[in-house]
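Worksheet: one structure, shown below.
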There are 2 protein chains.
Amino acid sequence: MQDRIPILHMGSCLLVTIQVDMHDRLALQLQDDLTERISSTGAKGVLIDISSLEMVDSFIGRVLGNISSMARVLDAKTVVVGMQPAVAITLVELGLSLVGVSTALNVEKGMKLLANA
Amino acid sequence: MQDRIPILHMGSCLLVTIQVDMHDRLALQLQDDLTERISSTGAKGVLIDISSLEMVDSFIGRVLGNISSMARVLDAKTVVVGMQPAVAITLVELGLSLVGVSTALNVEKGMKLLANA
């Protein structure tokens, strides 16, 4: 059982690739780890790649929103990249439109978005 | 069950973050996917982050070596980053010294190595 999701530090960005459907404890652990890493590294941007996720439920949607808000108060911008079309459809059908979360189609575009922020 | 490891495309690099102890089929799938992606994207570098792996057995060691050799003939350089000290100890004790595989301490240093290649 995986107990935390690794966070890669690249330049002034942190990169997280979510590869497994996150159970709730793992999502909360990621939230804690990310805020701690933003603070310790002074990172200005957080990229979260969810291209492997085939399902994002309301809890995970809320965690993504929380991460984005926490990063903002720590002076970092969060971009969620690689969302599958089906996930976008489900999220909106669930009434979750990820308010306040920036998105980009892929990591490369997300990086550009962060660089221009 | 995760059936493949996502490959992120950034600039002229491909980035793979291995987060789970790879069973053999997953490792071979990664090898296939990576060679296919190098060829389709024309990537010049491959970064493989293994900081989450607590164990690398002889099979995985061999797959890493194979990936590196395949990338080389496709004109891309492979750097394995983030190896835990215990993994390095085990590998050498197993008689596997990952000949031909470049390594770096973390993603950032790996990127620099690729940029200078």
request  = Go over the candidates B:Val63, B:Val80 one by one and state the one that is outside any loop (DSSP other than H, G, I, E, B) and within 14 Å of chain A (Cβ to nearest Cβ).
outcome  = B:Val80
request  = Would you check if there is a residue in the stretch B:95-103 being under 26 Å from A:Ser51 (Cβ atoms) and assigned to a strand (DSSP E or B)?
outcome  = no
request  = Inspect all residues belonging to the stretch A:70-83 and state whether any of them is of a type in the set (Ser, Thr, Tyr) and under 11 Å from the mean Cα position of the chain (by Cα).
outcome  = yes
ask   = Taking the stated definitions as given, is A:Ser39 in contact with a Pro (Cβ under 9 Å, 6 or more places away or on another chain), open to solvent by 10 Å² or more (accessible area, probe 1.4 Å), modelled with pLDDT of 90 or more and not in a strand (DSSP E or B)?
value = no
remark   = Per the list (1) within 14 Å of chain B (Cβ to nearest Cβ); (2) surrounded by fewer than 21 Cβ atoms within 10 Å (Cβ to Cβ); (3) in a helix (DSSP H, G or I), residue check on A:Arg72 breaks on (1)
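For every residue, the table says whether it meets (1) of a type in the set (A, V, I, L, M, F, W, C); (2) part of a loop (DSSP other than H, G, I, E, B); (3) open to solvent by 20 Å² or more (accessible area, probe 1.4 Å); (4) under 18 Å from B:Val81 (Cα atoms).
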site: A:Leu14; (1), (2), (3), (4): yes, no, no, yes
site: A:Gln19; (1), (2), (3), (4): no, yes, no, no
site: A:Arg25; (1), (2), (3), (4): no, no, yes, no
site: A:Ala43; (1), (2), (3), (4): yes, yes, no, no
site: A:Leu47; (1), (2), (3), (4): yes, no, no, no
Subset of the stretch A:1-12 that is facing another protein chain (nearest Cβ under 9 Å) and modelled with pLDDT under 90 - its residue that is surrounded by the fewest Cβ atoms within 10 Å (Cβ to Cβ) = A:Arg4
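The values are calculated or read from the model by the stated rules, or taken from the named source; none is laboratory data. Since the model is a prediction, treat every value here as computed from it, not as a measurement. Cβ atoms come from the backbone with ideal geometry, glycine included; neighbour counts cover every protein chain shown. We work out accessible area using only protein heavy atoms, side chains counted, and drop any ligands, DNA or RNA first. Shrake-Rupley method; radii C 1.70, N 1.55, O 1.52, S 1.80 Å.
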